[in-house]
Amino acid sequence: MTKKILVVTNGFYPENSPRSFRATELAKELARKGHRVTVITHPRPGVATFCSQNGITFKSLGNLTWASPKVKGVGVIRLFTRIITRFSQLLLEYPKIQLVFLVKKALKTERGYDALISVAVPYPIHWGVASIWSKKIAKVWIADCGDPYMGQENDSFKPLFYFGWVEKWFCKKVDYLTVPTENSIGGYYSQFHPKIKVIPQGFRFEDIQLYQGEKDNSKLVFGYAGMFIPGRRDPSEFLQFLNSLSSAIPFEFHIYTTTPQFVLPYIKNTSRIVLKDLVPREKLLYELSKMNFLVNFENVGNTQTPSKLIDYLIVDKPVLSIKYGQLNEAVVAAFLKNDYTSQMVLPDKNNYRIENVAAKFVALIP
């Protein structure tokens, strides 16, 4: 039966981020299955054309206009501006808190949907829906969450206590909370666990082109794609070990990241650790599919699962998983000899097929 579905999201095509992929792939598949899909998101270049080509109705959320504090200056001045920037985020969720007002305004005239799916992060997307939510907008509200908010384990700082009241406020209003893994459930207040449904990230595998040519056997090439977090998803021990290896060992470690500052100190005297420019996801998967194996830097705790593991699963390569503070040099050495006995065990690929993921969302709609 055809459903009328509204998706509200900060991240969407052509943004290159895990939550953008989540919202974009879901909207495309829902429309492909014949549902009437409307997406409210920022008016990025090309988004209206993309939606039209995929049978999606696009409505503008407006742009984020509140200026982000900038880290600038040197010495004490730079330290001061860094503190101001960080505390504006911690105390007020500034500038992303503007999303509350943008979402509330965008939903004022929306009525008669079978379902509203709000996609976070950032969580002010959910808060904006909660500020105006009524069953006149939709029969059911599904709040799709990536990493937990109050229960997050891998940021340098926890959200301040009063945001717990905000989380409980919005969770009371929502009909369902969807999370990517069973482990994610522990990141939410226990009274809302009955509302939680596990729905993994999803992709249309048929749209992904992988490398089919011959591999270069003159050197071992492995890679990582994702951000780094000091003391958590931290590459320092691994990079130090790679730099300690004999120059006679032919390898290249290719790194695609938005946090290159945690890699730069380790590449000054080597050409074997290579920082790469960021590329669109389709191109990234193609490049990763050329490699011998891939690297995962583990999060702290169990509630947050790196979305890159789904990409690794799609390209079907052995995965070397590194836990900060517990580097197993023997396992790394084995991987460098094409011995993947200790590779990370990944789940069934079919869990992440977008057709299966979309069906789980539709099953929640009355």
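Read-outs throughout are calculated quantities, based only on the coordinates presented, and are distinct from any laboratory measurement. Bear in mind the structure is a predicted one, so any value in this text is a computation, not a measurement. Backbone-built Cβ (ideal geometry, glycine too); neighbour counts: all protein chains shown.
log₁₀ I(q)/I(0) of the range 1-49 at q = 0.15, 0.25 Å⁻¹, via Debye over equal Cα point scatterers, no solvent, to two decimals? Each listed q maps to, in turn, -0.36, -0.93. Between the helical axis of 18-32 and the longest alpha-carbon principal axis of the chain there is an angle of about 60 degrees. The lysine pair tally for the range 206-350, using Cα distances under 22 Å and a gap of 8 or more places or different chains, is 28. Simple rule: put +1 on each Lys or Arg Cβ and -1 on each Asp or Glu Cβ in the chain, find the dipole, and look at THR270, VAL174, GLY46; the Cα lying farthest toward the positive end is VAL174. Its alpha carbons considered, the range 195-287 gives a radius of gyration followed by a Dmax of 16.3, 56 Å. Taking 7 Å steps out from each Cα toward its Cβ at LYS158 and GLN191 produces label points 1.9 nm apart. How high is the FRET efficiency between VAL198 and SER52 when r is their beta carbon distance and R₀ equals 30 Å, given to the nearest 0.05? My answer for the efficiency is 0.35.
Straight-line cross-link reach from LYS108 at under 19 Å between alpha-carbon atoms covers these lysines, not counting any fewer than eight positions away in the same chain: LYS4, LYS59, LYS135, LYS136, LYS139, LYS173.
When Rg and Dmax are taken over the Cα atoms of the chain, they come to 21.6, 68 Å.
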